[in-house]
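These notes are about the structure you will find just below.
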Amino acid sequence: MSQAKKILILYCEIMPYNVAALKALINLREDVEIDVISWGYTKKLTPYKPPEIERVRYFDELDFNYDQLKAFFLLKKHDLIYVCNRRENKFLKLALLAQKMKIFVIGQSDEQLFPTFKQYVKKVVSYFIYRRYFNFMIVSGYYQYEFMRFLGFKKNQIQIGAYTANVSLFNKFYLDTIHNDLQLNKKILYIGRLEVEKDILFALETFKEFKTKNRIDIKFIIIGNGKLLNEILKFDFIEYHAFLDQSKIIDILSQVSFFILPSKYEPWGVVIHEMAAAGIPIICSDSCGARSAFVFNDYNGFVFRTNDKKSLQKVLFKSFDLGNTEWKKFRQRSNQLSKTITPELWAATVNSFI
């Protein structure tokens, strides 16, 4: 057997969708070994612990200073470095070392192009903070592609598909429930951190007004952890669950009529991809990056202006006015759109550089 190809992935926080992508790469090649260095429990934002995967090893970022990271890299003789976490200076220093050794370095970004003054400053110094570190960039979507072009990366240095849902898992739910009808008592689902940038309190206040004004029996299912929990639990139409693994989320999805992500800042939002794969009609703010791929107005969901109460109420009215036949069409379209990005496509992209 030929010598194994070794990949070093430098990440922030490993989540279930990352695991699906790693498995796809392992399944694609029998000679690949992957080392993943990511945030440990002192930095993680969720309690999720990734499962063991054959030929994948996990390491805690806090166990490495730069010299230890360099020694690890030189000992393992990695063939490719994938830097998903640019917040750690030691990761960028290692990328420079790898460049000098003529080892290919991939970067990843989910930042959208706005552009702001800060982004114009980044453009001026883009060589020093981006381009000198990476031969290639994998971005999450079209808005992020624009940003990389803005910074000076060439077209052939950028690929879309950095984040991918576990499409097969959620697609199975869709196929199992394809004949389900729209329930009379509609329920809205939110999955995510309970933090200010997600604008969940704004959404709940708007729902409360909409519910009272239209005398509609709305239930709002919330799954997640965060600082705003006590404020959220004050609403009497809430069904709350702390962080759940994906199998338990799927158990809840059969109750759901719509999914909402009301964020006022959301570079991407993999959860939108997951819900699309599950065939859930989607409501989201126009700040959500993933809407560029998975949410089209009046087609499989509705997009409202960020933090705009009138815009969200209009979308709610349209959502609750959907009949069963149209709702099923929305479900089918969400599922179809989800298949444009998959773990297998991510794996094939990474494999092309080995």
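Any read-out appearing in this document is the output of simple, stated calculations on the displayed coordinates, not a laboratory observation. The structure displayed is predicted, hence computed values, not measured ones. Quick reminder, even Gly has a Cβ in these numbers, built from the backbone with ideal geometry, and neighbours come from all protein chains shown.
Considering the chain as a Gaussian network with a 10 Å cut-off on Cα pairs, which listed residue, Asn335, Asn300, Asn65, attains the greatest mean-square fluctuation?
Of the options given, Asn65 has the highest mean-square fluctuation.
How do Met275, Met101, Met15, Met148 line up, fewest other C-beta atoms within 10 Å first?
In increasing order of surrounding Cβ atoms, one gets Met101, Met15, Met148, Met275.
Work out how much length Asp176 to Lys314 would gain on full extension: take 0.36 nm times their residue separation and subtract the Cα-Cα distance, in nm to one decimal.
46.5 nm
Enumerate the amide H contacts of Phe59 below 5 Å, restricted to partners 5 or more residues apart or on another chain; note that Pro and chain-start residues carry no placed amide H.
Those qualifying (amide H under 5 Å, at least 5 residues apart or on another chain) are Val36, Ile37, Ser38.
Give me Thr42, Thr164 ranked fewest to most by other Cβ atoms within 10 Å of their Cβ, as a rough exposure proxy.
Least crowded to most crowded, the residues run Thr42, Thr164.
Size of the dipole of the chain about the Cα centre, Lys and Arg at +1 and Asp and Glu at -1 on the beta carbon, nothing else charged, in debye to 20?
Dipole of the chain, to the nearest 20 debye: 1000 debye.
Mind sorting out which of (1) 21.2, 69; (2) 22.2, 79; (3) 18.2, 64 is the real Rg and Dmax of the Cα atoms in Å computed from the coordinates?
(1)
Find how many whole Å separate the alpha carbon centroid of the stretch 142-183 from the alpha carbon centroid of the stretch 320-340.
17
Which aspartates and glutamates have a Cα less than 18 Å from the Cα of Lys23, not counting those fewer than 8 places away in the same chain?
Glu13, Asp31, Glu33, Asp35, Glu52, Glu54, Asp245, Glu274, Glu344
Send over the Kirkwood Rh of the stretch 1-86, from the inverse of the averaged 1/r over different Cα pairs, rounded to one decimal Å.
Values: mean 1/r = 0.0740 Å⁻¹.
Hydrodynamic radius (Kirkwood, Cα only) of the stretch 1-86 equals 13.5 Å.
Mean separation of Cα pairs under 8 Å and 6+ residues apart, divided by the residue count of the chain: what relative contact order is that in percent? Show your work: numbers first, answer last.
Details: 633 pairs, mean separation 59.1, N = 354.
Result for the chain is 17 percent.
Divide by every residue of the chain the summed helix terms, -39500 (n - 2.57) for each DSSP H run of at least 4, and state the resulting mean residue ellipticity at 222 nm, rounded to the nearest 500 deg cm²/dmol.
Computed ellipticity for the chain at 222 nm equals -11500 deg cm²/dmol.
Rounded to the nearest 20 debye, what is the charge dipole size of the stretch 167-338 about its Cα centre when +1 sits on each Lys and Arg Cβ and -1 on each Asp and Glu Cβ?
With only Lys, Arg, Asp and Glu charged at Cβ, the dipole is about 360 debye.
So how do Ile260, Ile249, Ile103, Ile191 line up by other beta-carbon neighbours within 10 Å, fewest first?
By the 10 Å Cβ count, ascending, the order reads Ile103, Ile191, Ile249, Ile260.
For labels at Gln3 and Lys102 in the simple 7 Å Cα→Cβ model, what's the distance in nm?
Label-label distance for Gln3 and Lys102, simple model: 1.4 nm.
In whole angstrom, note down how far apart the Cα centers of the stretch 243-271 and the stretch 91-110 are.
Each part reduced to its Cα centre gives a spacing of 33 Å.
I want to verify a result. In a Gaussian network model of the chain, Cα cutoff 10 Å, which of these has the top mean-square fluctuation: His241, His179, His273?
His179
How are the C-alpha pair distances of the stretch 167-338 spread across 5 Å bins, as whole percents from the shortest bin up?
Binned Cα distances yield the sequence 1, 9, 20, 23, 24, 16, 6, 1, 0.
When the chain is treated as a GNM, springs tying every alpha-carbon pair under 10 Å, which of Ile160, Ile216, Ile138 comes out with the largest mean-square fluctuation?
Ile216
Cα-Cα over 29 Å: which of Lys5/Lys122; Lys172/Lys208; Lys122/Lys264; Lys93/Lys123?
Table pairs above 29 Å Cα-Cα are Lys5/Lys122; Lys172/Lys208.
State the extension gain, in nm to one decimal, for the chain segment bounded by Arg29 and Glu146, taking 0.36 nm per residue of separation less the distance between their alpha-carbons.
Additional length available on full extension: 39.0 nm.
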